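The structure appears below as structure tokens.
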Amino acid sequence: MAEAEEDCRSDAARAGDDDENGSPAETDLQAQLQMFRAQWMFELAPGGSSSSVETRPCTASRGSLLKATDTKGKQELAKEEKARELFLKAVEEEQNGALYEAIKFYRRAMQLVPDIEFKITYTRSPDGDGVGNSYIEDEDEDEDSKTADLLAYFQQQLTFQESVLKLCQPELESSQTHISVLPMEVLMYIFRWVVSSDLDLRSLEQLSQVCRGFYICARDPEIWRLACLKVWGRSCMKLVPYTSWREMFLERPRVRFDGVYISKTTYIRQGEQSLDGFYRAWHQVEYYRYIRFFPDGHVMMLTTPEEPPSIVPRLRTRNTRTDAILLGHYRLSQDTDNQTKVFAVITKKKEEKPLDYKYRYFRRVPVQEADQSFHVGLQLCSSGHQRFNKLIWIHHSCHITYKSTGETAVTAFEMDKMYTPLLFARARSYTAFSERPL
């Protein structure tokens, strides 16, 4: 063993001498050979163990691997953080209307992390630094505030476009003239035709879903102000307690014009006894009441046994040929108990009777002429998910005025189970055509 150790030492000394004069390749080869000899001598020595020798390079390799992994993870986190900042900056630029700058930031963020859009959680930070603040509205906010914010956002988007204000842009190129070329005044006049004199605000809300520009036009305060004036007249000159004309039209109680209020009454009536007195007939009587309101203050009322499918189309206009129909005017009244009531005065449709020349030479018995009218009082309320769709009877009377004496006889009817509430039924045909603009 001693001789072997001396030989190794002499070889190592020679190798060291050769390293001083040799090339770098030979120096590396000698170093590896020297390490192998040292490991071999250590294994031959008594009490020596190869496990400790093997552990050192393994430990070194594991340490370097962990260090490399940690460095790589830090680089990924830094890259993701950079992509997040760029993406939030792009969102901010887009909200400010700078779409070109926003696209550049979006592109840079996607180049760093392709799925960065799904890794960002938008938060509302009151003390933020301006990046990533309030990009998603809180779910607990009121719906009206959301609508107001949406309208302001759309208006801001239009502000940052070209010098010529265009409400919308064509999706596909076409040789025909696009509607966005029309001036704002012409577009608003078209929207007034959509609403029409029948106050079809439902169609206006549907039109607002076409694009952002139409949404802005449909929220024009002048349209909603004219609609409120047509329904309530001078009693709506002030907005208080409402914040906008649109809110007043939607929230303030009113009768609906795009359909008919209908009630069905059923009762059992005793018939006449048979000739032999063996049995007595009983009859089930069914009839309907129809009330149609118009925005200009007119109202129509009809009591008939005919069912709605045959009657509702006839009530589209006031120029109906139904003989038993009653025409008149109505007004809305809101009492101190915050209940809205509808009062109407209706009369039978006047018809000109032709002169009967057959009995012109005979002396007639004079008939006392009289005017007959009906006074109706209804309470307006809501039921279910629909608003202002129910009318409850509170008053019904008949007034007969004799022309010769000027006296008026009043007969009030008792409000019993025969006066069932009227429920609203929408008729699409009533708003299918526009006769006049708003």
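Report yes if Tyr290 is modelled with pLDDT of 85 or more and either in contact with a Gly (Cβ under 9 Å, 6 or more places away or on another chain) or of a type in the set (Ser, Thr, Tyr) (or both), otherwise no. In short, yes.
For Asp296, which of the numbered conditions (1) without any contact (Cβ under 8 Å) to a residue 60 or more places away in the chain; (2) part of a loop (DSSP other than H, G, I, E, B) fails to hold? With (1) without any contact (Cβ under 8 Å) to a residue 60 or more places away in the chain; (2) part of a loop (DSSP other than H, G, I, E, B) applied to Asp296, the lone miss is (1). Consider the range 404-413 and keep the residues that are in a strand (DSSP E or B) and among the β-branched types (Val, Ile, Thr). The one that is surrounded by the most Cβ atoms within 10 Å (Cβ to Cβ) is Thr408.
Within the range 319-335, residues that are of a type outside the set (A, V, I, L, M) have Cβ atoms under 7 Å from residues that are open to solvent by 60 Å² or more (accessible area, probe 1.4 Å) in these pairs: Thr320/Arg314; Thr322/Arg314; Gly328/Val345; His329/Val345; Tyr330/Phe343; Arg331/Phe343; Ser333/Phe343, counting only partners at least 6 apart in sequence or on another chain. The set of residues in the range 325-345 being outside any strand (DSSP E or B) and within 22 Å of Thr304 (Cα to Cα) consists of Ile325 alone.
Would you confirm, using the coordinates I've provided, whether Glu307 is at pLDDT below 85 and open to solvent by 70 Å² or more (accessible area, probe 1.4 Å)? Judged against the criteria, Glu307 is not a match. Could you look through the range 370-380, keep only residues that are open to solvent by less than 60 Å² (accessible area, probe 1.4 Å) and out of contact with any Leu (no Cβ under 8 Å at 6 or more places or on another chain), and pick out the one that is nearest to Met248 (Cα to Cα)? Filtering the range 370-380 for residues that are open to solvent by less than 60 Å² (accessible area, probe 1.4 Å) and out of contact with any Leu (no Cβ under 8 Å at 6 or more places or on another chain), the one nearest to Met248 (Cα to Cα) comes out as Gly377. Applying a threshold of 8 Å to beta carbon distances and a minimum spacing of six or more residues, or different chains, the list of pairs starting in the range 230-242 at a residue that is aliphatic (A, V, I, L, M) and ending at one that is in a helix (DSSP H, G or I) reads Val231/Phe249; Leu239/Trp245; Leu239/Met248.
Residues checked against (1) in a strand (DSSP E or B); (2) surrounded by 15 or more Cβ atoms within 10 Å (Cβ to Cβ); (3) touching a residue at least 40 places away in the same chain (Cβ under 8 Å):
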position	(1), (2), (3)
Ile392	yes, yes, no
Cys398	yes, no, no
Thr401	yes, yes, no
Met415	no, no, no
Leu423	yes, yes, yes
Tyr430	no, yes, yes
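Pairing residues of the range 191-216 that are closer than 29 Å to Thr317 by Cβ and of a type in the set (Ser, Thr, Tyr) with residues that are open to solvent by 10 Å² or more (accessible area, probe 1.4 Å) and in a helix (DSSP H, G or I), at Cβ distances under 7 Å and at least 6 apart in sequence or on separate chains, gives Ser203/Val194; Ser203/Thr431; Ser208/Phe214; Ser208/Tyr215.
Within the range 256-274, not a single residue is under 30 Å from Leu187 (Cβ atoms), open to solvent by 40 Å² or more (accessible area, probe 1.4 Å) and in contact with a helix residue (DSSP H, G or I) (Cβ under 6 Å, 6 or more places away or on another chain). Would you mind stating whether Cys228 is part of a helix (DSSP H, G or I), open to solvent by less than 70 Å² (accessible area, probe 1.4 Å) and either of a type in the set (Lys, Arg) or at pLDDT below 85 (or both)? Answer is no for this residue. If the condition is being in contact with a Ser or Thr (Cβ under 7 Å, 6 or more places away or on another chain) and small (Gly, Ala, Ser), then the range 394-438 contributes Ser397, Ala412, Ser434.
The values are calculated or read from the model by the stated rules, or taken from the named source; none is laboratory data. Quantities reported herein were computed from a predicted structural model and do not represent experimental measurements. Every residue, glycine as well, gets a Cβ built from its backbone with ideal geometry; the counts of neighbours run over all protein chains shown. When the accessible area is computed, the model is the full protein with side chains, heavy atoms only, and any ligands, DNA or RNA have been set aside. Shrake-Rupley method; radii C 1.70, N 1.55, O 1.52, S 1.80 Å.
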